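Right, one structure below, let's go through it.
The values are calculated or read from the model by the stated rules, or taken from the named source; none is laboratory data. These figures come from a predicted structure and were not determined experimentally. Every residue, glycine among them, receives a Cβ derived from its backbone with ideal geometry; neighbour counts consider all protein chains shown.
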Amino acid sequence: MSYQDEFLEIYRSKISREGSVPLLEWLQKTDFFTAPASSKYHCACRGGLVQHSVSVYHTMMEKHFEQGKDSEESFAICALLHDVCKAQFYKEGFRNVKNDETGQWEKKSVYFVEDSFPYGHGEKSVFLIERFLRLKTSEAVAIRWHMGGFDDAARGGSFAVSQAYERYPLAVKLHLADLESTYLREQGTSAVRR
């Protein structure tokens, strides 16, 4: 099963909130299912964004889901949609790279950022999702702060991420699943050489 098929199966079976169908229709009109998850790190390959989203979902469910305490729908929304800000965000291009074996310069495919809507990272995902589907406060906070200390606001000195994690366990669970997926489970998934 492809990552896109797996994403669609999870999405359709776990997310039934009003607005979920138009949101999915919108995603299918973007490059969400073909876009990379990064320009050169994890899942920097065609379809990497959907691969990463599915990986985060599985990590969250395996490591952090507590029956009777957590919502499967909230986990699916947060994991599958936390990076929708990356749809229509990366463009494919080329650069010359020297082949170490031959010493010849070769044209290599790369991804670069072309952000037509510079609204931040987590907050942009929240904004895009809420155009279609109303998020619970815990979901919005989790998606907004899924980058943790890598978020520009946190790096700039904001303590809001700490307050978010203290009040909303879902935010901590999404952040941890995103970290594990990115740095442990998705090793070697980049098609782009650093």
> Quick one: is Glu139 surrounded by fewer than 19 Cβ atoms within 10 Å (Cβ to Cβ) and not aliphatic (A, V, I, L, M)?
Replying inline: no
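Table: residues versus (1) part of a helix (DSSP H, G or I); (2) at pLDDT below 90; (3) within 26 Å of Val50 (Cβ to Cβ); (4) not charged (D, E, K, R).
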| position | (1), (2), (3), (4) |
| --- | --- |
| Arg134 | no, no, yes, no |
| Ser162 | yes, yes, no, yes |
| Tyr165 | yes, no, no, yes |
| Val172 | yes, no, yes, yes |
| Ala177 | yes, no, yes, yes |
| Glu180 | yes, no, yes, no |
| Ala191 | no, yes, yes, yes |
> Hey, any hits in region 113-127 for a residue that's in contact with a Ser or Thr (Cβ under 9 Å, 6 or more places away or on another chain) and part of a helix (DSSP H, G or I)?
Replying inline: no
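So that you can scan it fast, the table gives a plain yes or no per residue for (1) without any contact (Cβ under 8 Å) to a residue 24 or more places away in the chain; (2) hydroxyl-bearing (Ser, Thr, Tyr):
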| residue | (1), (2) |
| --- | --- |
| Phe112 | no, no |
| Ser116 | no, yes |
| Gly120 | no, no |
| Ser125 | no, yes |
| Phe150 | yes, no |
| Gly157 | yes, no |
| Val161 | yes, no |
| Ala164 | yes, no |
> Does region 62-82 hold any residues that are of a type in the set (Lys, Arg) and either closer than 17 Å to Glu180 by Cβ or assigned to a helix (DSSP H, G or I) (or both), and which are they?
Replying inline: Lys63
